[in-house]
Ligand SMILES: *Cc1c(COP(=O)(O)O)cnc(C)c1O
């Protein structure tokens with residue numbers, strides 16, 4: 001019987017119509033599915049998956065904790081002044097990170113752009129409106145970067161109009177510095193590939209009175225990195241909020257010198273005519289970022305590391321039981337500093353390419369994402385797994401590798 005027929009039938013009886021209608025599933029009575037839990041992934045036809053890959057933007061990086069989501073929900077219920085949210089959350093963030101000041105940005109990329117803007121404009125709002133046109137404004141226009149630190153994210157700096165000056169040695173730095181030099185930028189992830197390390201970079205900057213900025217976007221853990229570079233004397237420090245800290249994926253933190261943070265905010269919303277206007281963070285994200293940071297700082301990191309090692313052991317023990325499989329665990333020294341499991345296998349024993357294995361895991365149920373190995377095989381990280389998912393990953397890998405045995 002169709003709903004209309006039921007209601008027509010029931011309407012013959014006094015009161016019964018409303019009585020029976022209330023017993024029907026709510027969305028047959030009411031067009032909006034209010035009473036029923038809405039499955040948004042199904043509604044949109046989206047594939048969800050177990051993330052054994054890591055904090056990749058393309059995979060939506062990390063999952064926010066329930067405590068963070070609860071605070072975000074609370075934050076969504078009241079109006080407040082955007083600048084006041086930044087002031088207050090910034091103070092708390094600065095305390096947690098040993099910084100003079102801090103502000104929540106739209107990711108580490110936006111922290112780079114806004115920090116750079118602040119260095120260029122100082123407290124002059126007119127200059128903020130002139131970016132990225134530096135010519136004839138009196139603003140400085142060059143940023144010194146080690147050659148091996150120049151990666152795609154450097155576009156966050158050039159968005160403000162600056163030119164990158166590439167150097168390799170301390171002598172190069174000294175020669176490159178002139179009265180157009182605005183800043184010296186360091187990429188922590190590439191520390192090992194550059195000739196000049198942190199302290200020497202800072203010494204050169206201080207000696208020449210040039211602000212130094214460091215990008216530590218993916219560099220927690222270790223948690224100490226949240227304050228280490230502020231303590232060391234970097235003028236500006238930029239970090240992602242939605243990687244290992246599991247804050248909002250669209251948030252990050254710019255921290256450092258009070259005058260530079262204030263200047264950076266001249267290019268940030270709610271101010272409108274600036275390069276940063278498209279880098280809006282709402283109150284929910286600002287507050288969510290603060291709470292995620294607070295929670296992260298107060299996490300038992302040793303316990304968490306042991307948990308990760310346990311997960312890696314579960315997976316490697318399972319796949320190592322397949323003849324010809326080799327597991328290797330390493331920890332990258334910079335960026336995504338968590339246990340990384342590389343799984344390779346003897347092609348003479350197992351007829352499966354890494355690409356095919358990744359495809360089978362992706363198309364299986366539940367779907368699983370891993371990464372290709374740097375040289376061979378596949379790479380797995382476990383810090384984005386939900387508790388227990390390591391068992392599913394272990395079983396699926398064992399299954400696919402076993403089936404492919406000659
Ligand atoms: C991830 C990353 C960024 C960008 O960070 P978002 O928070 O996604 O904006 C910048 N620099 C480095 C080195 C990164 O790893």
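The values are calculated or read from the model by the stated rules, or taken from the named source; none is laboratory data. On a predicted model such as this, the values are computed, not experimentally measured, just so you know. Glycine gets a Cβ as well: all are built from the backbone with ideal geometry, and neighbour counts include every protein chain shown.
Among the residues of the range 175-206, those that are in contact with a helix residue (DSSP H, G or I) (Cβ under 9 Å, 6 or more places away or on another chain) and outside any helix (DSSP H, G or I) comprise 177, 182, 183, 184, 185, 186, 187, 194, 195, 196, 197.
The residue pairs whose first member lies in the range 93-106 and is under 20 Å from residue 269 (Cβ atoms), whose second member is within 16 Å of the ligand (Cβ to nearest atom) and in a loop (DSSP other than H, G, I, E, B), and whose beta carbons are closer than 6 Å, counting only pairs six or more residues apart or on different chains, are 104/251; 104/281; 106/250; 106/279; 106/281. Count of the range 223-238 residues, restricted to those that are over 30 Å from residue 175 (Cα atoms) and within 16 Å of the ligand (Cβ to nearest atom), is 2. Of all the criteria given as (1) closer than 24 Å to residue 226 by Cα; (2) in contact with a helix residue (DSSP H, G or I) (Cβ under 9 Å, 6 or more places away or on another chain), the one not satisfied by residue 87 is (2).
Listed here are the residues, each with its yes/no results for (1) in a helix (DSSP H, G or I); (2) more than 23 Å from the chain's Cα centre (by Cα).
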| position | (1), (2) |
| --- | --- |
| 255 | no, no |
| 274 | no, yes |
| 277 | no, no |
| 289 | yes, no |
| 326 | no, yes |
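The listed residues are 212, 217, 156, and the only one of them that is within 11 Å of the ligand (Cβ to nearest atom), under 21 Å from residue 90 (Cα atoms) and buried (at least 18 other Cβ atoms within 10 Å of the Cβ) turns out to be 217.
Residues being at pLDDT 95 or above, crowded, with 18+ Cβ neighbours inside 10 Å and under 23 Å from residue 219 (Cα atoms) are represented in the range 163-183 by at least one member. Taking the range 120-145 as the range and being away from the ligand (no atom under 14 Å from the Cβ), more than 13 Å from residue 264 (Cβ to Cβ) and in contact with a strand residue (DSSP E or B) (Cβ under 8 Å, 6 or more places away or on another chain) as the test, the residues that pass are 139, 140, 141, 142, 143, 144.
Every residue, every condition in (1) over 27 Å from the mean Cα position of the chain (by Cα); (2) buried (at least 19 other Cβ atoms within 10 Å of the Cβ); (3) in a strand (DSSP E or B); (4) in contact (Cβ under 8 Å) with a residue 12 or more places away in the chain, yes or no:
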site	(1), (2), (3), (4)
334	no, no, no, yes
341	no, yes, yes, yes
347	yes, no, no, no
355	no, no, no, yes
376	no, no, no, yes
386	no, no, no, yes
398	yes, no, no, yes
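When residues in the range 103-119 are screened for being away from the ligand (no atom under 15 Å from the Cβ) and either within 19 Å of residue 218 (Cα to Cα) or touching a strand residue (DSSP E or B) at 6+ places or on another chain (Cβ under 6 Å) (or both), 1 of them pass.
I'd like to check something: does the range 42-50 contain any residue that is surrounded by 11 or more Cβ atoms within 10 Å (Cβ to Cβ), in contact with a helix residue (DSSP H, G or I) (Cβ under 9 Å, 6 or more places away or on another chain) and either touching a residue at least 12 places away in the same chain (Cβ under 8 Å) or assigned to a helix (DSSP H, G or I) (or both)? Among the residues of the range 42-50, at least one is surrounded by 11 or more Cβ atoms within 10 Å (Cβ to Cβ), in contact with a helix residue (DSSP H, G or I) (Cβ under 9 Å, 6 or more places away or on another chain) and either touching a residue at least 12 places away in the same chain (Cβ under 8 Å) or assigned to a helix (DSSP H, G or I) (or both), which makes the answer yes.
If residue 228 satisfies all but one of (1) part of a loop (DSSP other than H, G, I, E, B); (2) without any contact (Cβ under 8 Å) to a residue 40 or more places away in the chain; (3) crowded, with 19+ Cβ neighbours inside 10 Å, what's the number of the condition it fails? The one condition residue 228 does not meet is (1).
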